[in-house]
Amino acid sequence: MKLLVTGCAGFIGSNFVYYYLRKYKDSFIVGLDKLTYAGNLENLSKLTEEEKQRFVFIRGDINNNELLNHIFEKYNIDVVVNFAAESHVDRSIFEPHVFIKTNVLGVQSLLSVAMEHWFRGDKWLEGKRFIQISTDEVYGSLGPEGYFTENTPLDPHSPYSASKAGGDLIAKAYYDTFKMPVIITRCSNNYGPYQFPEKLIPLMIWNALNHKELPVYGDGKNIRDWLYVEDHCKAIDLVIEKGKIGEVYNIGGHNERENIYVVKKIIEVLRRKTGDDKINEDLIKFVKDRPGHDRRYAMDPTKIQTELGWKHTYSFEEGLEITIDWYLNNLDWVRNTISGEYLKFYEKNYLGR
């Protein structure tokens, strides 16, 4: 099996590369990444020498059709797993055009090139799959009860979620129109190793360790369904292997937590692990809420559980312990990852999801 994994140097993409190469010893991955501020080759530095023989990295943009054609021709790609995306809601408010270019037009470029190489005569080549990785945010916001299902209407509220919904609809159109072997997955909030420290959990870990304010939007009671990244990788693996063409699969861990709970839990765990009394709830600062901030997300993963046999392994608290341990053991990674470009943006516009 030869996979093209786009966004391979990002958070979820790099975790998937490790997971897949280690599980399937006969697999081969072509990793494509533009290396924007959130893409970091250091994320892939733990590959073993044997794994490096089954992985090739190419720096490039998914909007570059010439490059994509070269990759498909040279490596005879069987499966595309599209992680490539601009992914941070706050950035999308200030730079929506960047999100449209990658998350909509980039998806269309990938689809068109894959179709050119996978459609022969009047039929699709056997064994080909295009996995569009999406997000629960395309569904909008939930009330205090209920869950997003695969049949929930799309109702995005931010430029980021709208761009992801647009990419999903383009992918769906290629299935509906051409019967292209497309599958869409939509996950809840991921967390774990290698997550860029603009997102809630790594940002709070880093700020707390440096005794900086922990900014929390609004009243802190926005709810997210948290999914440890390894559980997400296992789900994608099952979708590649057994997923039904043309379907959507929601991936969530039934780990709903209020943002303020998450922040306080991080403080608790860090104090216990470091013995630093300066890490305490006095660092919390409630800030003006983000425009269009969805109140609650919660996923119903029944379909992927019953049809493909997936189930999450980690509770939120278990995954958070592992995540915090990783960051404590990789502080140099955090320092190296926070680039000057990011810091300038951070100073100009508060970031934190």
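Just to be sure I understand the filter: pairs with C-beta atoms under 6 Å, separated by 6 or more residues or on different chains, first member in the range 84-108 and within 24 Å of F16 (Cα to Cα), second member at pLDDT below 90 and crowded, with 18+ Cβ neighbours inside 10 Å. Which pairs pass?
Between residues of the range 84-108 that are within 24 Å of F16 (Cα to Cα) and residues that are at pLDDT below 90 and crowded, with 18+ Cβ neighbours inside 10 Å, the close pairs are H88/E198; V89/R353.
Could you figure out which of (1) modelled with pLDDT of 95 or more; (2) polar (S, T, N, Q); (3) farther than 25 Å from N330 by Cα isn't true of T48?
That leaves (3) as the condition not met.
How many of the residues making up the range 204-263 are more than 19 Å from D300 (Cα to Cα), among the hydrophobic types (A, V, I, L, M, F, W, C) and in a strand (DSSP E or B)?
Summing the residues that are more than 19 Å from D300 (Cα to Cα), among the hydrophobic types (A, V, I, L, M, F, W, C) and in a strand (DSSP E or B) in the range 204-263 gives 2.
Between a first residue in the range 227-256 that is under 21 Å from K199 (Cβ atoms) and at pLDDT 95 or above and a second residue that is outside any helix (DSSP H, G or I) and among the polar types (S, T, N, Q), which pairs have beta carbons less than 6 Å apart while being 6 or more apart in sequence or on different chains?
L227/S188; L227/N190; V229/N190; D231/T313; H232/N190; I251/T185; G252/S188
Mind checking which residues of the range 52-73 are in a helix (DSSP H, G or I) and either under 15 Å from L35 (Cα atoms) or among the β-branched types (V, I, T) (or both)?
Selection gives I71 alone.
I'd like to know if the range 192-199 contains one or more residues that are outside any loop (DSSP other than H, G, I, E, B) and touching a residue at least 40 places away in the same chain (Cβ under 8 Å).
No, the range 192-199 contains no residue that is outside any loop (DSSP other than H, G, I, E, B) and touching a residue at least 40 places away in the same chain (Cβ under 8 Å).
If D277 satisfies every condition in (1) over 17 Å from I223 (Cα atoms); (2) crowded, with 17+ Cβ neighbours inside 10 Å but one, which is the exception?
Of (1) over 17 Å from I223 (Cα atoms); (2) crowded, with 17+ Cβ neighbours inside 10 Å, only one is false for D277: (2).
Which condition does Q53 not pass, out of (1) buried (at least 17 other Cβ atoms within 10 Å of the Cβ); (2) farther than 20 Å from I240 by Cα; (3) without any contact (Cβ under 8 Å) to a residue 40 or more places away in the chain, if it passes all the others?
(1)
The values are calculated or read from the model by the stated rules, or taken from the named source; none is laboratory data. Just so you know, these numbers come straight off a predicted model, no measurement behind them. For neighbour counting, all protein chains shown are included, and Cβ atoms are generated from backbone atoms with ideal geometry for every residue, glycine included.
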